[in-house]
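*Asks:* Just dropping this structure here.
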Amino acid sequence: MEPSFPPVSSSEKSHLALYCRDSLRHLESLHAGEALMRRAGTAAAAWAEELLGKTRRASASVLVLAGPGNNGGDALTLASLLRRRRIHVSVVFFGQIERLPKDAAQACQQFIAEGGQLLPDIPPEARCDLIVDGLFGIGLTHPLEGEAARLVMAANRLAREWDCPLLALDCPSGLNADTGFCQGAVIYATHTLSFIAAKPGFYTADGVDCCGRICVDSLGISPDAALSPDGQRITLDTFAHCLQPRKRNSHKGIYGSVGVIGGAHSMSGAALLTGRAALKLGAGCVFLGLLDPQAPGVDFVHPELMIRKPESVFDAILSALACGPGMGRSDHAAELLELAIGYPAPLILDADALNLLAFDDNLQNALLGRKAATFLTPHPAEAARLLDLQTVDIQQGRIRMAQELAHCYHAWVVLKGSGSVISDPDGAWWINTTGNPGLSGPGFGDVLSGMLLALLGQGWPPGAAMQAAVHLHGQAADDLVNAGTGPVGLCAGELIDAARSRFNHWLRERHGTV
């Protein structure tokens, strides 16, 4: 009997919500007249003082960059509040005062009326204990250039020279808050104070490097009370309802039989990594079909794996199947992929299976006819081939591209990379926040496929299985780095035991038993 998993409650989801620019503008319009700029400036001033620290506050010097819109108004409000607390503030204003929006213009007038001065440029001998970026916030959708780019690069340089915090208000200037992509100059903040809700661009693509520590201040608004989030971050809470302890009266047949097709000549290691990961994340039986005719008949590291000729794997009754790791692009590989697509079980396509699929209309049409769930796990270059685009196109809009892949291939998709993006066939999306640069090496995608394969084989629902596998994959890498292994030189094989340990830790933490 397949395990039964309870649904996730809405309350567990609220703190994971992500809102795009258009949704945030709508939320702002719903709360017009509620002094949001005053609230934002007050929250920013409080965090600025926190960053300065009590011992530095009396003699502190703060450099504020204020831009031509409401983000500049937030910065000017902060500047007024800090001045009232006798903190030295230098404000560099970029824009035209007469063109400021109403609330920002009022903040500017108040700052000047209280004795504040707007500087046209950063003083040449500026000393900084804190730099505040209030140039553009979420409103910017084009690359920074000219004077704006120069100010941004100067702020980054001064933060390095003075070794001081750089606080971005709402969003680092130059970063696209929706996509996380930056093209040209961008603020590299040590801290980002996001207003109302978190933005998806903080957690994927360049946003991971630009935002630093992220804090969200709702400004007294409950976004999800008025508007459903555009997407969500993945945390343990996302899939914890599926973490169920094993009964003592159990056997391997309960935990699924899974198959792996891959491992052409000189690439059998990829398939072995997938099989080993599936084994160590709890799959009951793992059948490994290696294309290389010279491959050994046993994995001497893990003889529990059952190595077969690839065609014979389809003779087993499988709970889930993975196809592609190290498979190559031969005619034989294409024939096996066709068999895999026709197999009536959840199917993971990775690596060369994706490359073969990208250039074969017949395989694509066959995939669309599947009734069991399909999972695609491309990195950006593979995603580009599947959509007939360039890799840069994928990176400029990772969420939208994951949705497009999921729609075109009627599959669950994880677009791997910094802030991996998951989309379901209907366009719902999630961003994963675990992982580190140690995953930038060979074989890690093979391990991810094996982890997903194991969860699917044990009866996890498609969404929870993919969310858990991606999150666990990154968390295992973080655990290794925190323990002193990597990120430089981290190896995919090392991730498998770390993932097993973390998964069992989650079970003990939630249930007190495994």
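*Asks:* Picking from ASP331, ASP299, ASP292, ASP350, which residue would you name as being in contact with a Lys or Arg (Cβ under 8 Å, 6 or more places away or on another chain) and in the same structural domain as LEU456 (by TED's automatic domain parsing)?
*Replies:* Result: ASP299 is the single residue among ASP331, ASP299, ASP292, ASP350 that is in contact with a Lys or Arg (Cβ under 8 Å, 6 or more places away or on another chain) and in the same structural domain as LEU456 (by TED's automatic domain parsing).
*Asks:* Hey, any hits in region 149-156 for a residue that's without any contact (Cβ under 8 Å) to a residue 60 or more places away in the chain, more than 17 Å from ILE122 (Cβ to Cβ) and not hydroxyl-bearing (Ser, Thr, Tyr)?
*Replies:* The answer is no; no qualifying residue exists.
*Asks:* A follow-up question, please. Touching a residue at least 60 places away in the same chain (Cβ under 8 Å) and outside any helix (DSSP H, G or I): which single residue out of THR204, THR274, THR238, THR192 fits that description?
*Replies:* Result of the check over THR204, THR274, THR238, THR192: THR204.
*Asks:* Just a yes or no: is a residue in region 412-431 in a helix (DSSP H, G or I) and closer than 15 Å to THR179 by Cβ?
*Replies:* No, the conditions are met nowhere in region 412-431.
*Asks:* What are the residues in region 152-207 that are closer than 20 Å to GLY41 by Cβ, surrounded by fewer than 23 Cβ atoms within 10 Å (Cβ to Cβ) and in contact with a Cys (Cβ under 6 Å, 6 or more places away or on another chain), if any?
*Replies:* Within region 152-207, none qualify.
*Asks:* For the condition surrounded by fewer than 21 Cβ atoms within 10 Å (Cβ to Cβ) and under 20 Å from PHE375 (Cβ atoms), what is the one hit in GLY441, GLY489, GLY463?
*Replies:* GLY463
*Asks:* Consider CYS215 carefully, then state whether it is touching a residue at least 12 places away in the same chain (Cβ under 8 Å), under 24 Å from GLY435 (Cα atoms) and surrounded by fewer than 21 Cβ atoms within 10 Å (Cβ to Cβ). Let's see the steps before the verdict.
*Replies:* On the way: touching a residue at least 12 places away in the same chain (Cβ under 8 Å): yes; under 24 Å from GLY435 (Cα atoms): yes; surrounded by fewer than 21 Cβ atoms within 10 Å (Cβ to Cβ): yes.
The answer is yes for CYS215.
*Asks:* Ok, one more. Of the residues that sit in region 412-438 and are among the hydrophobic types (A, V, I, L, M, F, W, C) and surrounded by fewer than 24 Cβ atoms within 10 Å (Cβ to Cβ), which one is farthest from GLY493 (Cα to Cα)?
*Replies:* By that ranking, first place goes to ALA428.
*Asks:* Kindly check whether there is at least one residue in region 78-92 that is hydrophobic (A, V, I, L, M, F, W, C), farther than 24 Å from ARG150 by Cα, without any contact (Cβ under 8 Å) to a residue 60 or more places away in the chain and in a helix (DSSP H, G or I).
*Replies:* Looking through region 78-92, at least one residue is hydrophobic (A, V, I, L, M, F, W, C), farther than 24 Å from ARG150 by Cα, without any contact (Cβ under 8 Å) to a residue 60 or more places away in the chain and in a helix (DSSP H, G or I).
*Asks:* Please indicate, with yes or no, whether at least one residue in region 440-452 is under 20 Å from the mean Cα position of the chain (by Cα), assigned to a helix (DSSP H, G or I) and either over 14 Å from ILE348 (Cβ atoms) or modelled with pLDDT under 95 (or both).
*Replies:* yes
*Asks:* Here's a follow-up. How do the pairs read when you match residues in region 455-473 that are at positive phi with residues anywhere that are small (Gly, Ala, Ser), using Cβ under 8 Å and keeping only pairs 6 or more apart or on different chains?
*Replies:* GLY459/GLY256; GLY459/SER319
*Asks:* Of (1) farther than 28 Å from SER222 by Cβ; (2) modelled with pLDDT of 95 or more; (3) small (Gly, Ala, Ser), ALA60 satisfies all except one. Which?
*Replies:* (2)
*Asks:* So LEU288 ticks every box in (1) under 30 Å from GLU28 (Cβ atoms); (2) assigned to a strand (DSSP E or B); (3) not β-branched (Val, Ile, Thr) but one. Which box is left unticked?
*Replies:* The one condition LEU288 does not meet is (1).
*Asks:* When residues of region 485-514 are filtered for being more than 23 Å from the chain's Cα centre (by Cα) and either at positive phi or basic (Lys, Arg) (or both), how many remain?
*Replies:* 3
The values are calculated or read from the model by the stated rules, or taken from the named source; none is laboratory data. These numbers were taken from a predicted model, which means no experiment stands behind them. For neighbour counting, all protein chains shown are included, and Cβ atoms are generated from backbone atoms with ideal geometry for every residue, glycine included.
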